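The values are calculated or read from the model by the stated rules, or taken from the named source; none is laboratory data. Here the structure is a predicted model, which is why all the values come from computation and not from measurement. A quick note on method: Cβ atoms are made from the backbone with ideal geometry, for glycine too, and the neighbour counts reach across all protein chains shown. The protein model used for the area step is the full one, side chains on, heavy atoms only, and it has no ligands, DNA or RNA in it. Shrake-Rupley method; radii C 1.70, N 1.55, O 1.52, S 1.80 Å.
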Amino acid sequence: MQNTTTLNLFSFNCRRVDYLKVFKCKICQEGYLGDAPPTHCPFCGAHQQYMIEARDFELQEYTLTDVSRRNLEEALNLEVSNAEFYFCAADRADNVADATMFKRLGKVESEHASTIVKELRKQSPDIIKDKNMCSNMNLDNLEESNQRETNAIRHYSRFLGEATEERIKEIFKAIIEIEKDHLSLTDGRF
């Protein structure tokens, strides 16, 4: 007679995960697994209201206007440039907290670029992570970060006002909120 041991995965002192849900971000379209939606999308930074259960996710078809196409192209260029700046700043930061912040901001801005190319239905541009486009001084990079976020908010506010497509309005509205969050990271630090 063979001795067989049955392992009950839930018999350990772990919490049960039978209530795990699948969420999807309405902005970047990335998925998240959890028992509740996160306060911010872990990929693009969109606020919680954009995190919905995946089973409820649906994108409506629309036709992109020439104005929105031009604005998305400009936004793409801003996001790629900002991502490259943040990766450079992360490498040159003089402390762990700022290096971590800059690296995460680089990833978020990269996700924004990815979101935009989905709407443009084009291939993602390369984001160069070792581009020499920031200062060797951390304080200067904090100030430039603030200027870049302020510039993005200004542009995206205009783009939001010019958009007629609901999807494009939603994207610019969400990204403006995210960029304001980014701005708060450097306010009063330089």
> On the given criteria, is Ser114 at pLDDT 95 or above, under 13 Å from the mean Cα position of the chain (by Cα) and open to solvent by 20 Å² or more (accessible area, probe 1.4 Å)?
Replying inline: yes
> What's the number of the condition Arg55 fails, among (1) loosely packed, with under 11 Cβ neighbours inside 10 Å; (2) assigned to a loop (DSSP other than H, G, I, E, B); (3) at pLDDT 95 or above?
Replying inline: (2)
> How about the stretch 63-94: which of its residues are of a type in the set (Ser, Thr, Tyr) and either buried (at least 18 other Cβ atoms within 10 Å of the Cβ) or part of a helix (DSSP H, G or I) (or both)?
Replying inline: Ser68, Ser81, Tyr86
>> Just to be sure I understand the filter: pairs with C-beta atoms under 6 Å, separated by 6 or more residues or on different chains, first member in the stretch 146-159 and closer than 14 Å to Phe85 by Cα, second member hydroxyl-bearing (Ser, Thr, Tyr). Which pairs pass?
In response: Asn146/Thr186
>> Looking only at the stretch 78-95, count every residue that is farther than 9 Å from Lys129 by Cα, in contact with a Cys (Cβ under 7 Å, 6 or more places away or on another chain) and not basic (Lys, Arg) and tell me the total.
In response: 1
> Checking Cys134 against (1) surrounded by 14 or more Cβ atoms within 10 Å (Cβ to Cβ); (2) assigned to a helix (DSSP H, G or I); (3) hydrophobic (A, V, I, L, M, F, W, C), which single condition isn't satisfied?
Replying inline: (2)
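Residue by residue, here is whether (1) more than 13 Å from the chain's Cα centre (by Cα); (2) of a type in the set (A, V, I, L, M); (3) under 18 Å from Ile175 (Cβ atoms) holds:
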| site | (1), (2), (3) |
| --- | --- |
| Pro42 | no, no, yes |
| His47 | no, no, yes |
| Leu59 | yes, yes, yes |
| Asn77 | yes, no, yes |
| Arg92 | yes, no, no |
| Ala97 | yes, yes, no |
>> Just to be sure before I move on: is Ala93 aliphatic (A, V, I, L, M), touching a helix residue (DSSP H, G or I) at 6+ places or on another chain (Cβ under 8 Å) and modelled with pLDDT of 95 or more in the structure I sent?
In response: yes
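Is it true that Ala97 is crowded, with 18+ Cβ neighbours inside 10 Å and assigned to a helix (DSSP H, G or I)?
Values: crowded, with 18+ Cβ neighbours inside 10 Å: no; assigned to a helix (DSSP H, G or I): yes.
Spelling it out, it is not the case that Ala97 is crowded, with 18+ Cβ neighbours inside 10 Å and assigned to a helix (DSSP H, G or I).
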> Within the stretch 117-131, which residues are open to solvent by 20 Å² or more (accessible area, probe 1.4 Å), under 24 Å from Phe172 (Cβ atoms) and in contact (Cβ under 8 Å) with a residue 40 or more places away in the chain?
Replying inline: Lys118, Pro125, Ile127
> If you go through the stretch 137-176, how many residues are open to solvent by 20 Å² or more (accessible area, probe 1.4 Å), within 15 Å of Arg70 (Cβ to Cβ) and of a type in the set (D, E, K, R)?
Replying inline: 2
>> Going by what's in this entry, would Asp181 be described as out of contact with any Lys or Arg (no Cβ under 9 Å at 6 or more places or on another chain), closer than 30 Å to Tyr62 by Cβ and without any contact (Cβ under 8 Å) to a residue 12 or more places away in the chain?
In response: no
>> Of the conditions (1) in contact with a helix residue (DSSP H, G or I) (Cβ under 7 Å, 6 or more places away or on another chain); (2) under 19 Å from Ile168 (Cβ atoms), Leu105 satisfies every one except a single condition; which number is it?
In response: (2)
